[in-house]
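Participant: Got a structure here, written out as structure tokens. Questions coming.
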Amino acid sequence: MKKLLLLCALFIAVPAFAQDYYGLQDYGLRKNTTRVEMYGGMILPENSWNTHGHDLGTTGWTAGLGFTRNLTAMLALGLDANYAQLGDGEKTAAGTYYRTGVATGLITGRVNFFPYQATRIYVPFGIGLGHTFARQKFSDGSHKTIDGTDLATMVGAGLEFDMDDSLIFGVEGRYYLLKAANEVENAFGKNHYHHFLVMLKMGCRF
């Protein structure tokens, strides 16, 4: 009987020891935690980027960096920097074309759904500044640049997964609305520009 009790105690102790040794994965979001995220993907410009019958840009690439602090498990605030390079616009008969880019710096917020799960849906949003430049390239190799900085806003949706207790992988889509600076509006006759970003991201939380 003593041997049987000793054997049972051994079987109980082994899982407990393994749990203490390996640790439990801490999935989900927690209050007062911080994350840093890097992301990249495509920019999809809307018709607002067409002016005077010429495209200021087509589908291109984007990359960015975000810093977020969880105030609660469901709500976070942070900072976000993004650069998007549109694909070159269509060439005119004279051989000129536009090369356009957008850089934004935003104060961001985020609402998390199912925050304590390893898989989450979330809604990011932000407001800040957007700098737009449109560089007109001429056939002789010269160029003319029109640029300016004004208000930028963003809203989106995302899906993310905990890869372990610190690494996060996800997909995210964003809609940006940019107010044209006076220089840009005077040159192209439009006071707002908008585009979509579709991105993959990797993050680290601590």
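The values are calculated or read from the model by the stated rules, or taken from the named source; none is laboratory data. Here the structure is a predicted model, which means the values were calculated and not measured. With ideal geometry, Cβ positions are generated from the backbone for all residues, glycine too; neighbour counts draw on all protein chains shown. Areas reflect the complete protein model, heavy atoms only, side chains present, ligands, DNA and RNA absent. Shrake-Rupley method; radii C 1.70, N 1.55, O 1.52, S 1.80 Å.
Participant: What do you get for the angle between helix 2-22 and the principal long axis of the chain? Use alpha-carbon atoms, 0 to 90 degrees, nearest ten.
Facilitator: Around 20 degrees separate the two axes.
Participant: Please list, or write none, the aspartates and glutamates whose alpha carbon is within less than 15 Å of the alpha carbon of Lys137, excluding same-chain residues fewer than 8 places away.
Facilitator: Result set, ordered by chain and number: Asp55, Asp88, Glu90, Asp147.
Participant: Could you please state how large a percent of the accessible area of the stretch 88-206 is carbon and sulfur, counting protein chains only and using a 1.4 Å probe?
Facilitator: Exposed carbon and sulfur together represent 62 percent of the surface.
Participant: Note the listed values (1) 20.0, 61; (2) 24.4, 98; (3) 16.0, 48, then indicate which one is Rg and Dmax of the Cα atoms in Å calculated from this particular structure.
Facilitator: It is the value labelled (2).
Participant: Once the piece of chain linking His143 and Met202 is laid out straight, how much longer is it, given 0.36 nm per residue of separation minus the C-alpha distance between them?
Facilitator: 17.6 nm
Participant: Out of the stretch 22-107, which GluC sites (Glu not before Pro) are coil in DSSP terms and have no more than 16 other C-beta atoms within 10 Å?
Facilitator: Filter output for the stretch 22-107: Glu46, Glu90.
Participant: Which FRET efficiency value, to the nearest 0.05, is calculated for Met38 and Asn182 with the Förster distance at 41 angstrom and r the Cβ-Cβ distance?
Facilitator: After rounding to 0.05, the efficiency reads 0.75.
Participant: Now, a different point. What list of ³J(HN,Hα) couplings, whole Hz, do you get for the stretch 30-38 from phi and the Karplus terms 6.51, -1.76, 1.60, once you set θ to phi - 60° and write x for glycine and proline?
Facilitator: 10, 5, 6, 10, 10, 9, 10, 10, 10
Participant: Counting heavy atoms of the protein chains only and a 1.4 Å probe, report the per residue accessible area for the stretch 109-206 as a whole number of Å².
Facilitator: On a per-residue basis, the stretch 109-206 sits at 50 Å².
Participant: Okay, next question. Residue by residue, what Karplus-based ³J(HN,Hα) values in Hz, rounded to whole numbers, does the stretch 106-117 have, using 6.51, -1.76 and 1.60 with θ = phi - 60° and x for Gly and Pro?
Facilitator: Those phi angles translate into 10, 8, 10, x, 7, 10, 9, 10, 6, x, 8, 9 Hz.
Participant: Restrict the search to the stretch 57-148; then list the trypsin sites (Lys or Arg not before Pro) that DSSP places in a loop and that have at most 14 other Cβ atoms within 10 Å of their Cβ.
Facilitator: For trypsin sites (Lys or Arg not before Pro) across the stretch 57-148 that sit outside H, G, I, E and B with at most 14 neighbouring Cβ atoms in 10 Å, the list reads Lys91.
Participant: Can you tell me the relative contact order of the chain? Whole percent, Cα pairs under 8 Å, sequence separation 6 or more.
Facilitator: That works out to 21 percent.
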